[in-house]
Each structure stands twice: as C-alpha cells, then as structure tokens.
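See below for the structure under consideration.
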Amino acid sequence: LAKTTQPISMDSYEGQEVNITCSHNNIATNDYITWYQQFPSQGPRFIIQGYKTKVTNEVASLFIPADRKSSTLSLPRVSLSDTAVYYCLVGDMNLSGYSTLTFGKGTMLLVSP
Amino acid sequence: DGGITQSPKYLFRKEGQNVTLSCEQNLNHDAMYWYRQDPGQGLRLIYYSQIVNDFQKGDIAEGYSVSREKKESFPLTVTSAQKNPTAFYLCATSPPGPEQYFGPGTRLTVT
C-alpha cells in the first residue's frame, strides 16, 4: 500500500474554505484515493473517493493532479462541526473486490468561531 | 454507524483475563474488519473476514483471535497474550469496493 503524508494539524475559521493536501508519491496504477473523517470517540466516516481529476459530492471535493502523486481534499465554508481528524488513504482492492485500509495519523482540523 | 452494533461502549477488565468484544451488522455486507486505535494515532488493522468461516490476519493480529460463524457477527477476543490491550476498538463492514462503514467502537481498559 502506498504511504501517505499529510499535515499533522490545520486551523481555520468558520465560513472559510479548507484545503488539506496529501502526498502519495509511490501510488500505483490501480490505487484509488479515499478520505475519511473521524470525530473523537467515534468510528471514521467515509467522505469521498477518487482516482483522477476532480470528484465532488455534497460534502467535499477531491482534486487529483495528472501525476496522482498528491491529492487535495477541499471543504467549502467549514463550520465548527467540521472540527475532526481527516485521513487520506491510498490503496487497491484484492481480487474479491474488498480493500484493507491503512490509516496514518491524519490531519487534525480545528475550526474556530 | 447505522446498522453496526458494538457492545459494550466501555469495558473494563483485569490483566490476565480474556475479553470478547461484540460486533453485529444488519447491512448484509460480506466483509468485516477489526481495528485498534491508540490515543493520537491512526487505526491499525487486527483481523478481517471476507466470507463466513474465513478470516485473515491484519497488521497486529498477535494476542487477538476472531471467529466468523455467521455473516452478521464478527466477535474479537482480546487474549491475555496481548501486551497492551487498553485501546479503542473499532469494527467495520464493507460491500465490495473501497468504502468501509464503522461501528461506534468499544473502549477497553485493562488494569
């Protein structure tokens, strides 16, 4: 599984756009990029997943450049409730179609009033 | 966590005792996983199962055991051989694909 590097922490204010970048220099051709969000004492929650270019859903956008060696999670107009740890994961699926995820330490995002 | 139940939320045990953590799901997912999380750290995979009566070791399986007798259930036993069992334990399930669904977790304290 490709190793990922992301900032340990980030600070923001309510209403701002937050961009969290993740580096994955040795990403493989079959790897996809997935982001999870975790609140204290809860299990992680899937946010978004992509392979290349841009993916957008109701929660976030994921930007992946052509070389796929990095990705950026974009959270529009954050609120206090977006304070959480954000994990970037890169991985493949086995022949059965299931994935085993490797979580790093993630990025602790603190949103202030 | 909808559809995934982990009980109890908090569990206390004395050192040297085995303890079993429950994970039940009604999502009809074939794959189930157990992770351990220590303070300030990411999740580490203990065991996973992609089908009933079959399971594989993850990155930190030593001192743990699992069973998968039913599709809905994937209990984890923390044995006395686990050197540092105090942690937050998370169960997850998934359909085929990259997304996993996590339960609410069980916080185990061993003294």
*Remind me, relative contact order of region A:9-113 in percent, using alpha carbon pairs under 8 angstrom and six or more residues apart?*
36 percent
*For region A:37-113, rounded, prolate or oblate, judged on the Cα gyration tensor with a ≥ b ≥ c (square roots of eigenvalues), a/c < 1.5 rounded, else prolate if a/b > b/c?*
oblate
_If you average the C-alpha positions of region B:16-49 and of region A:22-65 separately, how far apart do those two centres end up, in angstrom?_
22 Å
*If you keep only loop residues by DSSP, which trypsin sites (Lys or Arg not before Pro) in region B:35-102 have at most 13 other Cβ atoms within 10 Å of their Cβ?*
B:LYS83
*In a shell of Cβ-Cβ distance under 12 Å around A:ILE47, excluding A:ILE47 itself, what net charge do Lys and Arg (+1) and Asp and Glu (-1) give?*
-2
*Starting from the Cα gyration tensor of region B:1-77, take the square roots of the eigenvalues, sort them a ≥ b ≥ c, and report rounded, prolate or oblate (rounded when a/c is under 1.5, otherwise prolate if a/b is larger than b/c, else oblate).*
rounded
*Give the residue from A:TYR86, A:THR72, A:ALA28 lying farthest towards the positive end of the charge dipole for chain A; charges sit on Cβ (+1 for Lys and Arg, -1 for Asp and Glu) and the dipole is referred to the Cα centre.*
A:ALA28
*Residue-span extension gain [B:ARG13 to B:ASP54] - 0.36 nm each, minus C-alpha spacing*: 11.9 nm
_Loop trypsin sites (Lys or Arg not before Pro), region A:1-100 (other Cβ atoms within 10 Å of the site Cβ: 16 or fewer; DSSP)_ = A:LYS3, A:LYS52, A:LYS69, A:ARG77
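Quick check: residue separation of A:PHE46 and A:ASN30 times 0.36 nm, minus the Cα distance between them. What number comes out in nm?
Contour length minus Cα-Cα distance gives 3.8 nm.
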*Too long at a 21 Å Cα-Cα cut-off: which of B:LYS14/B:LYS83; B:LYS14/B:LYS57; A:LYS105/B:LYS14; B:LYS57/B:LYS83; A:LYS3/A:LYS69; A:LYS69/B:LYS57?*
B:LYS14/B:LYS57; A:LYS105/B:LYS14; A:LYS69/B:LYS57
_Other-chain or far-sequence residues with amide H under 5 Å of A:ILE48's (modelled H)_ = A:TRP35
*Over chain B, relative contact order from alpha-carbon pairs under 8 Å, at least 6 apart, %*: 36 percent
*Rounded to the nearest 0.05, what FRET efficiency do A:THR83 and B:ALA81 have when you use their Cβ-Cβ distance and R0 = 41 Å?*
0.60
_Using Cα-Cα distances under 8 Å and only pairs 6 or more residues apart, what relative contact order does region B:30-86 have, in percent?_
25 percent
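What part of the accessible area of region B:34-111, given as a whole %, is carbon or sulfur when the probe is 1.4 angstrom?
Heavy-atom surface of region B:34-111 belonging to carbon and sulfur, 1.4 Å probe: 50 percent.
The values are calculated or read from the model by the stated rules, or taken from the named source; none is laboratory data. If you're wondering where the values come from, they're calculated on a predicted model, not measured in any experiment. Here the Cβ is made from the backbone with ideal geometry for all residues, glycine too, and neighbour counts use every protein chain on show. Each accessible area value is taken on the protein alone, full model and side chains, heavy atoms only, with ligands, DNA and RNA left out. Shrake-Rupley method; radii C 1.70, N 1.55, O 1.52, S 1.80 Å.
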